[in-house]
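Here is the structure we will look at, set down as structure tokens.
The values are calculated or read from the model by the stated rules, or taken from the named source; none is laboratory data. Values in this document were obtained by computation on a predicted structure and should not be read as measured data. Note: ideal-geometry Cβ built from the backbone for every residue, glycine included; neighbour counts use all protein chains shown. Calculation scope for accessible area: heavy atoms of the full protein, side chains included, ligands and nucleic acids excluded. Shrake-Rupley method; radii C 1.70, N 1.55, O 1.52, S 1.80 Å.
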Amino acid sequence: MMPAVYEFNSAIVRKPGSSVVQGLRADDRGNPTYEGVLAEHDAYVEALHSAGVEVTVLPALEAYPDAIFVEDPALVFPEGALLLRPGAETRAGETAEVEPILRSMFATVIDRPAQGFAEGGDVLTTPDAVMIGLSARTDRAGAEALVAGLNRLGRRGRIVETPKGVLHFKTDCSLLDEETVLATHRLAGSGFFTGLREIVVPEGEEPAANALRVNGVVFVGSDYPRTIDLLDARGYKVVPLKTSEIGKIDAGLSCMSLRWWQ
């Protein structure tokens, strides 16, 4: 039986380098501290362990400040991995850095497309389809190439329009279970999530929409107490994680790991 889309027993993360303080950001709220990012990343890895996931920690890449966000240059599924072409120029070399470990772990690894750009932060896996949001980092050529790659793995891709001003599609949404999505007001009611129940994050806590369901728990940024209370009232087991430092470089919880069931 195929595991649920939120069930994982394996993950890959990359330790942040000291250059992470120079990471990309759409909204400049000042530089994070390396110590702060490292502490938040360590807590994230521990939370994955506690949720029943075996974690492979890759070494830091000082040449790539954003390399901690391993979900952007690749996607992984039980059936295999897909290499992507990040849309940010400074991240172009990250795919080649993660490729060897993926080839050692997966029998099937689909090469990155020759044209177009796509980042994993724009990809939401649901039971029905793998949703790909067009954004400043994922263009139509890259999305269409990703759909073709997903077809080779026996999965169906579906291209949608990420709202203007949103960095990544998953900045504004996450899957809570096989029937429910957590989303911002600007994404809820868009028609993207037909067949799924929508829970809308409270106004002012929009970054909390990038939660992460891992097996029996949901990781949520600890700075969003109303969202935590909302999910707790709905019966979800919430694990609050501090994200105040990584949030300064446009990071969320989903982008810091590649997760799959093997």
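Could you please find all residues in segment 70-91 being surrounded by 17 or more Cβ atoms within 10 Å (Cβ to Cβ), in contact with a strand residue (DSSP E or B) (Cβ under 8 Å, 6 or more places away or on another chain) and farther than 12 Å from residue 12 by Cβ? Matches in segment 70-91: 77, 80, 82, 83, 84.
Scanning segment 8-38 for residues that are surrounded by 18 or more Cβ atoms within 10 Å (Cβ to Cβ) and in a loop (DSSP other than H, G, I, E, B) returns 8, 16, 17, 23, 32.
Within segment 51-74, the set of residues being small (Gly, Ala, Ser) and either closer than 30 Å to residue 113 by Cβ or without any contact (Cβ under 8 Å) to a residue 60 or more places away in the chain (or both) comprises 60, 63, 67, 74. Taking segment 228-262 as the range and being surrounded by 21 or more Cβ atoms within 10 Å (Cβ to Cβ), small (Gly, Ala, Ser) and at pLDDT 95 or above as the test, the residues that pass are 254, 257. Filtered by the rule that a residue be within 17 Å of the chain's Cα centre (by Cα) and polar (S, T, N, Q), segment 25-82 gives a lone residue, 56. The single condition among (1) touching a strand residue (DSSP E or B) at 6+ places or on another chain (Cβ under 9 Å); (2) part of a loop (DSSP other than H, G, I, E, B) that residue 41 does not meet is (2). Hey, does segment 220-227 have a residue that's of a type in the set (A, V, I, L, M), in contact (Cβ under 8 Å) with a residue 24 or more places away in the chain, under 20 Å from residue 35 (Cβ atoms) and crowded, with 20+ Cβ neighbours inside 10 Å? There is no residue in segment 220-227 that is of a type in the set (A, V, I, L, M), in contact (Cβ under 8 Å) with a residue 24 or more places away in the chain, under 20 Å from residue 35 (Cβ atoms) and crowded, with 20+ Cβ neighbours inside 10 Å.
The test for being more than 20 Å from residue 245 (Cβ to Cβ), under 16 Å from the mean Cα position of the chain (by Cα), modelled with pLDDT of 95 or more and not aromatic (Phe, Trp, Tyr) does not hold for residue 96. Taking the listed residues 188, 208, the one that is open to solvent by less than 10 Å² (accessible area, probe 1.4 Å), without any contact (Cβ under 8 Å) to a residue 60 or more places away in the chain and either assigned to a loop (DSSP other than H, G, I, E, B) or within 14 Å of residue 170 (Cα to Cα) (or both) is 208, with no other qualifying.
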